[in-house]
Each structure stands twice: as structure tokens, then as C-alpha cells.
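Here's the structure, in C-alpha cells; my notes come after.
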Amino acid sequence: MIQTLAVIGVGLIGGSLALALKEKGVVAKIIGVGRSETNLKLAQSLGIVDEWTTSLVDAVQDADVVILAVPMGAYAEIFAEIAPVLKEGAIVSDAGSTKQHALKAAQKHLPKSVHFVAAHPLAGTEKSGADAAFKTLYQGHLCIITPTEETNAQALLVIEKMWQNAGAQIMRMAAAEHDALLAAVSHLPHLAAFALVNAVQEQKTDTFNPFAFAAGGFRDFTRIASSSPIMWRDIALANSEALVSQIDRFQDELQVLKQALIAGDANKLEQSFSSAKTARDAWLISHGKGE
Ligand code: NAD
């Protein structure tokens with residue numbers, strides 16, 4: 001049981017965590033904090049938080065557990081502001097999409113008297129804000145925890161239990177490994193979706209709208225291009241090294257397809273498409289992602 005939980009950033013991720021924990025009855029009081037009063041009032045009216053404030057200091061000073069669920073570019077500033085008022089022994093955690101950046105920011109700004117545990121739930125949608133939150137978001141999804149040698153063992157268990165209570169399955173991993181993996185399966189797909197929409201948009205003229213001819217395939221591929229630009233700006237910058245290397249790989253694959261097209265190499269195209277189809281179909285089956 002967590003007595004007082006402060007959720008910094010009551011959007012899709014923080015709001016869904018709060019709703020899931022309330023449903024399970026494992027938190028006595030949830031305080032939401034953010035910058036938008038409208039969003040926080042909405043969060044309270046939706047039963048996501050018990051109390052809200054726009055003051056980080058007021059929100060965290062009595063909290064036993066503090067969760068950051070804001071864009072990653074805000075971490076340093078928030079850690080620096082809450083550091084002087086956190087209770088001794090308080091547990092600070094996050095849900096950010098890159099983990100080396102989170103650990104570095106926490107190490108730089110948080111005092112030794114509190115415990116930081118880095119976490120990343122592998123669940124989400126392209127929607128933002130408190131009204132996008134729902135209590136089953138984490139059900140059956142992985143939550144990756146990236147402990148270091150300095151991570152307090154008790155705090156680690158509290159955060160793992162919290163995510164289990166929200167419905168997630170826990171996996172521990174090194175932060176560098178997490179960032180490299182997520183660059184491939186999450187961060188690159190988002191950049192590819194943004195780039196594809198821009199490439200089509202650039203072909204639009206006053207008299208011609210290519211989007212008028214886009215159908216289900218375009219919609220499926222580009223769903224994630226509707227995600228928050230600020231959040232994705234911060235994720236891309238926080239994981240730039242791994243992401244650049246994944247962009248290189250992707251460009252190599254596109255280059256192979258381009259050469260096959262120029263050469264009219266039907267076998268190469270079919271081989272490449274078959275290999276991708278086999279890999280994706282196997283993933284759908286083995287991970288219960290059936291469509
Ligand atoms: P969101 O936009 O729905 O919510 C973020 C909230 O933080 C908003 O209410 C916003 O007002 C508030 N906020 C922004 N800057 C702030 C600041 N400086 N101080 C206080 N509050 C601030 O975004 P989200 O989808 O909930 O993402 C939150 C975090 O979770 C991000 O770090 C993201 O990388 C991570 N994440 C997102 C997903 C996803 O699919 N959306 C999945 C896993 C992890």
C-alpha cells in the first residue's frame with residue numbers, strides 16, 4: 001500500500017497508472033501536479049486524482065512515491081525543483097521512454113536521501129492528456145525496469161509491485177540495452193511515420209490533395225504520427241545515438257529495395273517482402289498480437 005503518491009504529469013501515462021492503482025485500491029491518496037489547471041480539474045472530475053496542484057513543491061513534499069510522467073525534456077528542471085523538499089527515503093520513479101537519460105538526470109539532480117528507480121511501461125496510444133487515460137492501459141503489457149548497482153533494493157520492489165498492481169508484467173534490463181531496443185521497435189517507427197506523412201504533405205498543392213486517396217494502409221502506418229510532437233522531440237533527442245544507428249539500418253533496407261526496383265529485380269523484392277511478412281506474422285502469433 002502506498003500512502004501518498006504524487007503523479008507529475010497527469011496525461012495518458014500518469015493518468016492511466018493512477019486509475020489502475022485506484023481500481024486496485026493500493027494507494028491511499030493520489031496528488032496530481034502539472035501546468036494546466038484545466039487538465040488537472042478534468043483529472044479530478046474523472047476520478048484520476050484525489051487532489052491536484054500546480055505547485056511541484058506542494059505535490060511532492062509529503063509523497064512517499066513520486067512518478068514523473070512528463071516529456072523527458074522537463075526532467076532536469078523538475079528534479080532540480082523537487083530535490084530540496086522530497087521526504088527522506090521517498091521513492092522517485094518515471095515512465096519515460098528512454099532510460100539512460102532518466103538515470104543521468106536523476107543522478108545529477110536528486111539527493112542521496114531519496115531512491116530513484118527508472119521504469120518504462122511498454123503501452124500507450126497516440127492520444128494525450130487526462131481524458132486519454134484509461135485504467136486497463138497496462139493490462140498484460142511489459143513494464144521494463146532498468147536498475148543500476150546503486151538502485152535501492154526495497155525501492156525497486158515497491159515500484160515493481162506498483163506496476164504489477166497496474167496490470168503490467170515486469171522485466172529488468174540494463175538501461176543501455178533498453179534504449180537500443182526501443183530505438184529499433186518504437187522510436188524509429190515513430191520517426192518513419194512522421195517522415196512519411198511529411199513526404200506526402202509536401203506533394204500537396206492548391207489543386208491536388210494526395211491525402212484524399214489515402215486508405216487503410218496509410219492510416220495504419222501513420223497512426224503514431226498523431227502522437228505528441230513535444231514528447232517525441234524529447235524522446236528522439238534523449239536517445240539520439242541509438243536512433244541515428246537505427247535510421248542508418250532503415251536507410252540501408254530502403255536502399256536495397258530501391259536498387260531492386262531500378263534493376264527490375266522481382267526475386268529480390270519478393271524475397272524481401274516474404275522475409276518481412278514471415279517475421280511479422282510470427283511476432284503476431286508468438287506475442288498474442290493477432291489482428
Ligand atoms: P501526455 O501529453 O498525455 O501527458 C503529459 C502531461 O505532462 C500533460 O498533462 C502535460 O500538461 C504535463 N506536463 C508537460 N510538461 C510538464 C512540466 N514541465 N511540468 C509538469 N507537467 C508537465 O503524455 P504521455 O503520453 O502521458 O507521456 C508522458 C511520458 O510517458 C513521456 O515521458 C513519454 O516518453 C512516456 N511514455 C509515453 C507513452 C505513450 O505511448 N504515450 C508510452 C510509454 C511512455
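Tabulated values for the structure
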item: Residue that is in contact with a Leu (Cβ under 8 Å, 6 or more places away or on another chain) and in contact (Cβ under 8 Å) with a residue 24 or more places away in the chain, where the choices are Ala193, Ala176, Ala155, Ala168; result: Ala168
item: Residue in the stretch 270-286 that is surrounded by 15 or more Cβ atoms within 10 Å (Cβ to Cβ) and over 30 Å from Gly11 (Cβ atoms) present; result: yes
item: Residue in the stretch 189-206 that is charged (D, E, K, R) and under 20 Å from the mean Cα position of the chain (by Cα) present; result: no
item: Any chance Glu126 is in the same structural domain as Val60 (by TED's automatic domain parsing) and either out of contact with any strand residue (DSSP E or B) (no Cβ under 6 Å at 6 or more places or on another chain) or β-branched (Val, Ile, Thr) (or both); result: yes
item: All helices (runs of 4 or more DSSP H) inside the stretch 182-291 with 1 or more residues being under 30 Å from Leu103 (Cβ atoms) and of a type in the set (A, V, I, L, M); result: 188-201, 229-238, 240-263
item: Of residues in the stretch 123-145 being more than 10 Å from the ligand (Cβ to nearest atom) and either of a type in the set (Lys, Arg) or more than 14 Å from Gln169 (Cα to Cα) (or both), the one surrounded by the most Cβ atoms within 10 Å (Cβ to Cβ); result: Lys135
item: Matching entry among His101, His120 (being within 12 Å of the ligand (Cβ to nearest atom), closer than 24 Å to Val26 by Cβ and not in a loop (DSSP other than H, G, I, E, B)); result: His120
item: Yes/no for Asn198 being assigned by TED's automatic domain parsing to the domain that holds Ala105 and polar (S, T, N, Q); result: no
item: Residue match in the stretch 252-267 (condition: loosely packed, with under 15 Cβ neighbours inside 10 Å, within 28 Å of Ala175 (Cα to Cα), of a type outside the set (Phe, Trp, Tyr) and at pLDDT 95 or above); result: yes
item: Among the candidates Asp50, Asp64, Asp94, residue that is surrounded by 16 or more Cβ atoms within 10 Å (Cβ to Cβ), in contact with a helix residue (DSSP H, G or I) (Cβ under 6 Å, 6 or more places away or on another chain) and among the acidic types (Asp, Glu); result: Asp94
item: Among the residues listed as Asn198, Asn267, Asn209, the single one being out of contact with any Leu (no Cβ under 8 Å at 6 or more places or on another chain), closer than 22 Å to Lys127 by Cβ and polar (S, T, N, Q); result: Asn198
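Residues are listed down the side, and each one gets a yes or a no for (1) away from the ligand (no atom under 15 Å from the Cβ); (2) surrounded by 15 or more Cβ atoms within 10 Å (Cβ to Cβ); (3) of a type in the set (Lys, Arg):
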residue	(1), (2), (3)
His178	no, yes, no
Leu182	no, yes, no
Ala195	yes, no, no
Phe218	yes, yes, no
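Table: residues versus (1) among the β-branched types (Val, Ile, Thr); (2) near the ligand (Cβ under 9 Å from one of its atoms).
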| residue | (1), (2) |
| --- | --- |
| Ile8 | yes, yes |
| Leu12 | no, yes |
| Ala18 | no, no |
| Lys24 | no, no |
| Ile30 | yes, no |
| Lys41 | no, no |
| Gly47 | no, no |
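The values are calculated or read from the model by the stated rules, or taken from the named source; none is laboratory data. Bear in mind that the values here come from a model prediction, so they are computed numbers and not experimental data. All Cβ positions, glycine included, derive from the backbone under ideal geometry; neighbour counts span all protein chains shown.
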